[in-house]
Amino acid sequence: MEELEIVGQIIAGKVAHILIREKTDSKIELGNLLVAESRNGSLILQVHNLFYGSQVSQEVLELTAGLELEGRGGSLEFFDESLRNYVLAEARAVALVSGNRVTIPKALPDFFSSVRHVMNEDLRFMDVPENTAYLGKVRSGSNVLDVPVRLNAQDLFTHHVLIPATTGRGKSNLVKVLLWSVVNDDNLGVLVLDPHDEYYGGRGKELGLSNHPDAKDKIKYYSLAAPAGTNTLVINLKSIMPWHIEELFNLTDPQSEALYGYYFAHKKDKQWIEAIFKDERPENVAPMTAAVLQRKFKTALGLDVNEQGDLICYNRAFSATSGESTLSEMIAALESGMIVVVDTSRLSDKAELLIGSLVINEILTKYQRYKQETGSSGVSKLEDKPVVSIVIEEAPRVLSADVLSQGGDTTYSTVAREGRKFKIGLVAITQLTSVIPTTVLANLNTKIIFGNEMASERNAIISSAAQDLKEDYATIGSLDKGEAIVSSIFTKFAIPIQVPLFDDYVAEYPSRGTPEDKHDIHLKPNRRVV
């Protein structure tokens, strides 16, 4: 049992603003978790502000400092130093722990109560669900406790995740840790659109998901430069439909009508895109409109025709002759609970989003159908299907207010708003939370918040969090690399965490063996707040 060291005493305050005097030679930090014992149990407090206090009036302090600075002598020896000046901490009560029961505090702690730093034993209330996603360890200020923070993987991914942070704070590192922890979860499939080719690893690069002992069976990787044993990224043009294209461009009504004109004219052979470039115009399509569509396809997808009039795909991710099974293979992998990583680092934004839209539309359509169909057990077929989540970086490209105002809902915003009903979730990574509409943010029920100095971004994050974080405004600005706050509908309070470096996390993962061998401290079931 750890020694109970008293670090302060409650001397005043009100709800969410409990005032604590720091004990001399102790150290209370911004973000510290403290514990005050009461008749009803242990009250966990979180520090959100620090300031100085003194028994000497401000005028006397200023005079004494002036005398010392100007070399004229100044002393406050008439009070003992440890009593004269001190630090005050402002905290709020975030959880009341009584045995294994945890509730939201509804009363003030006992007046003049002593407080101490939180210990591992204080967090024993975290339960253990069967399926888990690892986020890091509990952090109290700058001190990291040996208490893993996990959430139920199906709950977490179905109800959507937002990861907001400025560059260099550890977003990508967190995603790698999170994905690694759920590789063996057969009830979860994840589509990862990777614009920097940083998640899979291999080929002499830093560690990635390819280093997982079960990568061969549980991870599919698609790339234009696919290493041996992985998959070449190539999608047949016949897989692309007009509604996919409408999401990429802000089309006029005549241009949109022309798309569908080509599509219906070639619905049987599915060569409607080729028809646009071969100038096989339906009667109601003007030459100018056809020329505009050709230009948009050429710019976004790298399509053109050669001197012989044959369609050429300069972007190797698309083909008129191959890649007919790519989309169905991706869908099958997701339905079997695998992680599908698509390297889009060599593609334009438009091409990347089109590929994501193709996969998401297909899986959403299938899951909607499963929900309506009854299986052999008498319940919806959807009940037997794994949760599917989509990881998208630079989320404002598809979720910003500007994008949605131009073309209405995108596939991604549809998933954010309605995907939960069909076991499909979204992991949105962004530096600019403020440009995403509040109606979308409200549906992203878990937010893993990294450091951010921008006032507008902090306000947007705080206003849409699952818990009241208005007192964490300064704390969010002070978070260092790898430090984060988890605000979720699945936790009783916003949990400060330290995300481990991915390389360190992987180093602790045992080599291939029995399922029991694989579950070390970082891969044991989650201690979930109940």
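The values are calculated or read from the model by the stated rules, or taken from the named source; none is laboratory data. Note that the structure is predicted; figures quoted are calculated from it, not measured. Cβ placement follows ideal geometry from the backbone for every residue including glycine, while neighbour counts extend to all protein chains displayed. Protein only, heavy atoms only, side chains kept; ligands, DNA and RNA dropped before computing areas. Shrake-Rupley method; radii C 1.70, N 1.55, O 1.52, S 1.80 Å.
Okay, here's what the table says:
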| quantity | calculated |
| --- | --- |
| Verdict on Glu418 being open to solvent by 10 Å² or more (accessible area, probe 1.4 Å) and part of a loop (DSSP other than H, G, I, E, B) | no |
| Test: residue in the stretch 110-124 that is among the basic types (Lys, Arg) and at pLDDT 95 or above | yes |
| Condition broken by Asn361, with the remaining ones in (1) of a type outside the set (Phe, Trp, Tyr); (2) under 21 Å from Val403 (Cβ atoms); (3) open to solvent by less than 30 Å² (accessible area, probe 1.4 Å); (4) not in a loop (DSSP other than H, G, I, E, B) satisfied | (3) |
| Single residue of the stretch 309-326 satisfying the filter (aliphatic (A, V, I, L, M) and open to solvent by 20 Å² or more (accessible area, probe 1.4 Å)) that is nearest to the chain's Cα centre (by Cα) | Ala320 |
| Residue in the stretch 432-443 that is out of contact with any helix residue (DSSP H, G or I) (no Cβ under 6 Å at 6 or more places or on another chain), crowded, with 24+ Cβ neighbours inside 10 Å, closer than 24 Å to Leu193 by Cα and not acidic (Asp, Glu) present | no |
| Residue count for the stretch 84-97, restricted to those that are assigned to a strand (DSSP E or B) and modelled with pLDDT under 90 | 1 |
| Selected residue [in a loop (DSSP other than H, G, I, E, B) and among the β-branched types (Val, Ile, Thr)] from Thr491, Thr475 | Thr491 |
| Residue match in the stretch 384-404 (condition: farther than 25 Å from Pro195 by Cβ and either open to solvent by 20 Å² or more (accessible area, probe 1.4 Å) or among the β-branched types (Val, Ile, Thr) (or both)) | yes |
| Residues of the stretch 21-57 that turn out to be open to solvent by less than 40 Å² (accessible area, probe 1.4 Å) and either part of a loop (DSSP other than H, G, I, E, B) or over 19 Å from Ala484 (Cα atoms) (or both), as a count | 14 |
| Conditions (1) under 23 Å from Lys447 (Cβ atoms); (2) among the β-branched types (Val, Ile, Thr); (3) without any contact (Cβ under 8 Å) to a residue 60 or more places away in the chain; number of the one not met by Thr230 | (1) |
| Unmet requirement for Asp146, which otherwise passes all of (1) open to solvent by 20 Å² or more (accessible area, probe 1.4 Å); (2) in a strand (DSSP E or B); (3) under 30 Å from Thr230 (Cα atoms); (4) not basic (Lys, Arg) | (3) |
| Unmet requirement for Phe450, which otherwise passes all of (1) among the aromatic types (Phe, Trp, Tyr); (2) open to solvent by 10 Å² or more (accessible area, probe 1.4 Å); (3) in contact (Cβ under 8 Å) with a residue 40 or more places away in the chain | (2) |
| Glu393 vs. criteria acidic (Asp, Glu) and in contact (Cβ under 8 Å) with a residue 40 or more places away in the chain | yes |
| Selection within the stretch 211-230 - outside any loop (DSSP other than H, G, I, E, B) and surrounded by 15 or more Cβ atoms within 10 Å (Cβ to Cβ) | Asn211, Ala215, Lys218, Ile219, Lys220, Tyr221, Tyr222, Ser223 |
| Pair list, Cβ < 6 Å and 6+ apart or interchain, from the stretch 307-329 residues that are under 16 Å from Ile276 (Cα atoms) to residues that are among the aromatic types (Phe, Trp, Tyr) | Leu311/Phe277 |
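Residues checked against (1) out of contact with any strand residue (DSSP E or B) (no Cβ under 6 Å at 6 or more places or on another chain); (2) surrounded by 14 or more Cβ atoms within 10 Å (Cβ to Cβ); (3) not in a loop (DSSP other than H, G, I, E, B):
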position	(1), (2), (3)
Trp243	yes, yes, yes
Tyr262	yes, yes, yes
Ile276	yes, yes, yes
Asp279	yes, no, no
Ala300	yes, yes, yes
Val340	no, yes, yes
